[in-house]
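The values are calculated or read from the model by the stated rules, or taken from the named source; none is laboratory data. Everything numeric here is computed off the predicted structure, so don't read it as measured data. Heads up, the Cβs are rebuilt from the backbone with ideal geometry, glycines too, and the neighbour counts pull from every protein chain shown.
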Amino acid sequence: MQEKLTLMIPGPTPVPERVLNALSKHPIGHRSPEFQEIIQKTSELLKWLHQTEGDVLTITGSGTAAMEAGIINTLSKGDKVICGENGKFGERWIKVATAFGLDVITVKAKWGEPLNPKSFQEILENDKQIRAVIVTHSETSTGVINDLQTISKYVNSHENAIMIADCVTSIGACNVPMDAWGIDVIASGSQKGYMMPPGLSFVAMSEKAWLANKRSDLPKFYLDLELYKKTIIKDSSPFTPSVNLYFALEEALIMMKEEGLKSIFTRHKRHMNAIQESMKSIGLKLFAKDGYGSPSITSIIPSNIDAEILRKSVKNDFDILLAGGQDHLKGKIFRIGHLGFINDRDIITVVGAIEASMDKLGVLNKKLGTGISIAAKSLNRTVN
Ligand SMILES: *Cc1c(COP(=O)(O)O)cnc(C)c1O
């Protein structure tokens, strides 16, 4: 029953009716006063979401466009950068940086483990030529959250380096105070915590990032952020943006403002806790190292069954789409997205569906209902 499909993958995420309704209007002129108002309002709300006084620019393109924009607007050919890699999206940063001729030093951690901030500190202390440290905050492929705050602290005490972060699955899920943590560039995308369809991405730039922009010589045109900055001052945009996605963005950001940052973060934390605890209670293992689970996605190892078989069973019987493992993790893990427009009902339902599917497949070693009971108890607990 396709109409009842519930997305619990880490993007695209479910879209609220209010946002869908905002989308389904006739486009308006992107140079009209009505559209200027939307640009003005959304850029204010984006600053609020990023907890920054700096600019947050909107690009029509997916999250990777924002990642690429972050690199090509702040760096120059041959620049030495450190890339963190503990999953698929860390690998993507390395690919982008390499494609533009940067000199990449890689700091790795085993998939499932967080990056060690000390490794960044050591390299930074011994090399004044580093121009940027580039990391993924919430590594979607493994469900690990990296300690961006501590890594940023080390970057901030370096004279030349800027901090570039992929916050695609952390913005709108957990606290990412851009200015307080001293992050210079943040990339994110609409189909994740923003509760929107794919198509828009966002690049937040600090003062220091704009200074770096002055010396940056990498080729750019469509993603030249200086053009975006110049036009945003006039509440405009350099090219024709996805007008209808801007309608959706405005509505989604208003919804987020109504809920409030703190409530959004505690909701994600409660859901993360409930998923983690319930999955453990039915004998499944978490892939992320203890204490480093992402607020938006949980990776699970079903030791006694192929993860793909379980995932397909949940999809077929319950119309809930879970994500599989990527690369060497295919069949080994499945991932539950609990990012964006997700409520307690979704959590109870997904836990119940997993238990029921395991029971049907003959691999549930606990009493049916154990997971739901633990999830319900966990959801009833307040977190701060
Ligand atoms: C989804 C995602 C992206 C963006 O991918 P696109 O497909 O280009 O939107 C980047 N980083 C992370 C961590 C993600 O989860």
**Q.** Residues of the range 133-171 satisfying the condition of being among the small types (G, A, S), assigned to a loop (DSSP other than H, G, I, E, B) and within 12 Å of the ligand (Cβ to nearest atom)
**A.** S141, G143, S170
Q) When residues of the range 146-163 are filtered for being of a type in the set (V, I, T) and in contact (Cβ under 8 Å) with a residue 60 or more places away in the chain, how many remain? A) 2
Q: Assess whether Y222 counts as being of a type in the set (S, T, Y), assigned by TED's automatic domain parsing to the domain that holds Q36, over 19 Å from R131 (Cα atoms) and surrounded by fewer than 21 Cβ atoms within 10 Å (Cβ to Cβ).
A: yes
Q: Only one of these is closer than 29 Å to F287 by Cα, out of contact with any Ser or Thr (no Cβ under 8 Å at 6 or more places or on another chain), of a type outside the set (S, T, N, Q) and crowded, with 24+ Cβ neighbours inside 10 Å: V144, V135, V176. Name it.
A: V135
Q: Please go through the range 350-381 and pick out each residue that is part of a loop (DSSP other than H, G, I, E, B) and in contact (Cβ under 8 Å) with a residue 60 or more places away in the chain.
A: V363, L364, N365, K366, R381
(Q) Can you report the number of residues in the range 58-96 which are away from the ligand (no atom under 16 Å from the Cβ) and crowded, with 19+ Cβ neighbours inside 10 Å? (A) 6
